[in-house]
Amino acid sequence: MAKNTLSSRFRRVDIDEYDENKFVDDQDEAAEHLGPDSAEVDNLIRNGDMMTAFHIALRNPPINTKNPAVKERAQAIVLKVLTSFRAGDIEQAVRSLDRNGVDLLMKYIYRGFEKPSDNSSAILLQWHEKAFAVGGLGSIVRVLTSRKTV
Amino acid sequence: MAYHSFQLEPISCHAWNKDRTQIALCPNDHDVHIYKKEGSGWSKSHVLREHNGQVTGIDWAPESNRIVTCGTDRNAYVWTLKGNVWKPTLVILRINRAARCVRWSPKENKFAVGSGSRLISVCYFEQDNDWWVCKHIKKPIRSTILSLDWHPNNVLLAAGSCDFKCRIFSAYIKELEDKPAPTSWGSKMPFGEVMFESSGTAGWVHGVCFSGSGNRVAWASHDSTVAVAEGGKSPVITTLSSVTLPLLCVTFITENSLVAAGHDCYPALFVYDAAKGALTFGGKLDVPKQSAQRGMTARERFQNLDKKATVESKEAVLESLHKNSISQISILEGDKAKCSKFCTTGMDGGMAVWDVKTLESAMKDLKIV
């Protein structure tokens, strides 16, 4: 009895791997976007071309990557663009987006809420108000239920 | 628009008899109450007491006048009317989780039960043994089946599931029927075959519905989307992301129009244009009461500004007919190809009957194609 209770190697076995009813998430084999191009966006912000910077920042969202660093980087770029906007221009920028764009913007806004910094919350709330006016409760529900997080 | 409040608790599910004089509903407990229409009101005529858990699905077969109920006690009962008493027959579903929804097939010779055991039980009556037997559809379902709907050919079954997919299965039972003719979803239909699987929407699929012809299937998903798929060599899926809260139930009222209702407490119309491949929001199908516009005193304005940072006063009262989420919608008059009246029940314990003609005339831009 003493012999077979010494080894605790059985504790290392991952029993869930052997469960035949295990739920395996099928991820689509979509292309891995790597987030917007930081240099391009910085250039546009310096030149004052906010609308283009906005559209470029929302391109190539890192939805399918599992790499958190890529997601962090994309989030930082989008946040920089959102905070550099003037309050009056926000509405126009939101209007220029299509349905999917508004959903994507909402995802970034809520991601931004997760880590509030000094002046990000106020501007994010303004963006949220304008995006909500266009996307409605449905866009917020889609942020909550979407399994492809940005 | 008639609204009748049965009780204060939610109505879990309901079903109408053939001539729409009786409604069977579950008042959020273990029983089924049958109400008979009496003048302009409803009186309780029967109480069906057999389940040990909440009754989650009721369906009333119009021709054979049998009621099938399923509940969280993992059982289903088929009730037949003998004289003035409903007698239950137990159906062994062989599931180890709660049953969630049940539907008679169009010919009423079999019914399907969706459950939390990640499978669909298709049950039919075996004459020799005088007993209801069931066959399981298991693959490739990964989670609870929330809703079911039969195709008019009595063989295909649409199932909405918590694994974010709407699928069409074949529920062909060779002991019961002949080989079905090919449909737009495929021609080989052995039992359990997946004829169609949806993609592109996230969120649990709360409600599914075949169109009147069976060539289209619509589903409402928890990510606030409605989608329609048209059968064919390669099925075309059209989705609409709505701005409302998620919809829980959906039904076709003509071949091109759907009515869906859910957590926003009002039914909404959606129009599908096959030529353009587009699904559009047709309008809110609720006639709100005209709330009296009171002028605000200056004091109220400042109070609002102080408390809510806004000068408008938004009353926290729902203006819709139903005061809580609508959980089920059923066709009252007509059929899925041309419906003239439909009925909704919800978590506020009330039942509303909606007349399509009245709605069309009340809302000017409403067009039901």
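Taking a point 7 Å from the Cα of residue B:107 along the Cα-to-Cβ direction, the residues of the stretch B:165-186 with backbone N closer than 19 Å to it are B:169-186. Work from the charge dipole of the stretch A:55-109 (Cβ charges, +1 for Lys and Arg, -1 for Asp and Glu, about the Cα centre) and give the residue of A:100, A:75, A:90 farthest towards its positive end. Toward the positive end, the furthest listed residue is A:75. Over the protein assembly as shown, the reciprocal of the mean inverse Cα-Cα separation, the Kirkwood hydrodynamic radius, stands at 25.7 Å. Computed 3J(HN,Hα) for the stretch B:237-249, one whole-Hz value per residue from the Karplus formula 6.51 cos²θ - 1.76 cosθ + 1.60 where θ = phi - 60°, is 10, 10, 10, 10, 8, 9, 8, 9, 6, x, 9, 9, 9, glycine and proline marked x. Listed by chain and number, the lysines whose C-alpha is less than 24 Å from the C-alpha of residue B:174, apart from same-chain residues fewer than 8 away, are B:107, B:110, B:135, B:138, B:139, B:188. The mean count of C-beta atoms from other chains within 10 Å of the C-beta of residues in B:234-245, rounded to a whole number, is 3. Isolated cysteines of the protein assembly as shown, defined as having no other cysteine beta carbon under 4.7 Å away, are B:13, B:26, B:70, B:101, B:162, B:166, B:209, B:249, B:265, B:339, B:343. Ranking B:40, B:11, B:111 by Cα position along the charge dipole of the protein assembly as shown, where only Lys, Arg, Asp and Glu carry charges on their C-beta atoms, puts B:11 farthest toward the positive end. From the alpha carbon centroid of the stretch A:33-90 to that of the stretch B:1-47 is 56 Å. A straight Cα-to-Cα reach below 16 Å connects residue A:80 with the lysines A:71, A:107, A:115, residues fewer than 8 places away in its own chain not being considered. Highest-first packing order for the peptide set B:124-130, B:137-143, B:322-328 is B:322-328, B:137-143, B:124-130, based on the mean count of other beta carbon atoms within 10 Å.
Each of residue B:324 and residue B:87 was given a label point 7 Å from its Cα along the Cα-to-Cβ line. The distance between the two points is 3.7 nm.
What is chain A by shape, rounded, prolate or oblate, if you read a ≥ b ≥ c off the alpha carbon gyration tensor as root eigenvalues and call it rounded for a/c under 1.5, prolate for a/b larger than b/c, and oblate otherwise? Prolate.
Given 37 °C and 0.692 mPa s, compute D for chain B with the Stokes-Einstein relation, Rh being the Kirkwood radius over Cα pairs; round to the nearest whole µm²/s.
Values: Rh = 21.5 Å.
Taking Rh from Cα pairs, D becomes 153 µm²/s.
Here each label is just a point 7 Å from Cα along the line to Cβ, and for residue A:148 and residue A:46 those points are 3.4 nm apart. Bridgeable lysines around residue B:44 (alpha carbons under 26 Å apart, same-chain partners fewer than 8 residues away excluded): B:18, B:36, B:82, B:87, B:323, B:341. Rounded to the nearest 0.05, the FRET efficiency derived from the C-beta distance between residue B:274 and residue B:179 at R0 = 30 Å is 0.55.
The numbers here are math on the coordinates, done by the rules we state, and not lab data. Remember, it's a predicted structure, so these values are computed and weren't measured experimentally. Here the Cβ is made from the backbone with ideal geometry for all residues, glycine too, and neighbour counts use every protein chain on show.
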